[in-house]
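Since every read-out is calculated from the coordinates, none of them should be taken as a lab result. Everything quoted here is computed from the prediction, not taken from an experiment. Here Cβ is always computed from backbone atoms with ideal geometry, including for glycine, and neighbour counts include all displayed protein chains.
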Amino acid sequence: MSTTLDPSTASGPHRDAGTGAPTRPPGRGWVLAGLGAGVAGIVSVVASSMVDAVYDPATSGDAGAIAEATSELVPQILTFHTATMVSCALLVVFAAGLHRHLQRRTHADSIVPGVAAIGLVMVCVAQLMGAGLTTEFAFAFAAPDDAFVPETIAFFGHWVGTIPWLWGGIGLTALAMASAALRQGAFARWLGWTSLVLGGITTLFLVSPVQYMAGMTGPVWLVVVSVALLRSVRRA
């Protein structure tokens, strides 16, 4: 009498049914990275909104007053910088994991995984650029004799209040997730509808003159979808 051993039930590493190559069950580290990126993104947006001397009616239009007020906001600037770069780094991990996850759950010729990953990379670039000037000005504020030109501080205020808020690319990611859920059945339908609504709003911000508004919806969607994915990975 002979028996056939199902590789999926054998002890040791799992093996691919087609190639026999050893595989590992998907982990959840990339999902946790997405959750962390979303939370850090919210902190980034809040902290950057506190670097507001250029928008304050009491100082607006007066470069000298803006520079003096901003020089007192170094803790907020450093908090913004750190949160932004933490979010940026974690988003890279999440993008790679989501791309792989979508490849497993969508049709072989689907463009959904690529669109989802590229949307996240767009946000990473905006974050990297958005936080790129913070060190320059934080050191300038710490230097003696006001080692900066007041007009550049005004520009810096507008930069921090706009560039790191450009989460519009994640709207494309959310719409890709919506397509995977609603058209291909890859995820729960509630997640598809949530992604369709938040992704649609965020994408509208992306193509509108108020792109920075995406900073209010993008991180929220990322937190919601990460929690949902974390629950599904745990069940798996």
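Structural remarks
- FRET efficiency for GLU68 and ARG183, using Cβ-Cβ distance with R0 set to 45 Å, rounded to 0.05: 0.25
- Cα-based convex hull volume of the range 122-183 per residue, rounded to whole Å³: 63
- Mean separation of Cα contacts under 8 Å, 6 or more apart, over the residue count of the chain: relative contact order %: 23
- Sites HIS158 and VAL197, calculated FRET efficiency, Cβ-Cβ separation with R0 35 Å, nearest 0.05: 0.70
- Mean residue ellipticity (222 nm) of the chain, computed from DSSP H runs ≥ 4 via -39,500 (n - 2.57), nearest 500: -22000 deg cm²/dmol
- When the convex hull of its Cα atoms is projected in every direction, mean area for the range 20-104 (nm²): 7.3
- Ellipsoid semi-axes for the chain, based on the Cα gyration tensor and the rule √(5λ), read 44, 19, 12 Å when sorted largest first.
- Distance from the alpha carbon centroid of the range 182-219 to that of the range 37-92 works out to 25 angstrom.
- Rg over Rh, two decimals, the range 155-231 (C-alpha only, Kirkwood Rh): 1.06
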